[in-house]
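First up is the structure itself, then whatever we jot down about it.
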Amino acid sequence: MELTININAQPSKVDAFLNFIKSLDFIEVTDIKGSEETLNPQQKKFKKKLFNALNELKEAREGKVKLGNLDDLLNEI
């Protein structure tokens with residue numbers, strides 16, 4: 001019998017569950033898919049842009065990059 005289980009829990013709980021079922025001699029775990037594989041291309045693109053923006057913000061807070069002024073941006077438009 002083949003069965004697919006979707007687990008929505010904290011990674012530590014998922015790891016504990018997987019370790020338990022792998023210890024059973026009648027269970028064979030063949031493929032483990034992470035949440036990354038469930039994202040469609042549009043979601044992956046958004047995720048990449050979001051992480052880039054967060055990294056840019058982090059660099060600005062650390063003083064590595066200087067961000068522009070909102071008034072200057074509005075004047076350009």
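The values are calculated or read from the model by the stated rules, or taken from the named source; none is laboratory data. Since we're looking at a predicted model, the values are computed, not measured. No Cβ is skipped: glycine too gets one built from the backbone with ideal geometry, and neighbour counts run over all protein chains shown.
Return the residues of the stretch 61-77 that are modelled with pLDDT of 90 or more and either part of a helix (DSSP H, G or I) or surrounded by 10 or more Cβ atoms within 10 Å (Cβ to Cβ) (or both); say none if nothing qualifies. Hit for the stretch 61-77 is Arg61, nothing else.
Is it true that Lys58 is at pLDDT below 90, part of a helix (DSSP H, G or I) and surrounded by 10 or more Cβ atoms within 10 Å (Cβ to Cβ)?
Considered against the rule, which asks whether it is at pLDDT below 90, part of a helix (DSSP H, G or I) and surrounded by 10 or more Cβ atoms within 10 Å (Cβ to Cβ), Lys58 comes out as no.
Of all the listed residues (Ala16, Ala9), the sole one being surrounded by 10 or more Cβ atoms within 10 Å (Cβ to Cβ), out of contact with any helix residue (DSSP H, G or I) (no Cβ under 7 Å at 6 or more places or on another chain), in a loop (DSSP other than H, G, I, E, B) and not hydroxyl-bearing (Ser, Thr, Tyr) is Ala9. Taken together, the residues in the stretch 19-30 that are among the small types (Gly, Ala, Ser) and in a loop (DSSP other than H, G, I, E, B) amount to 0.
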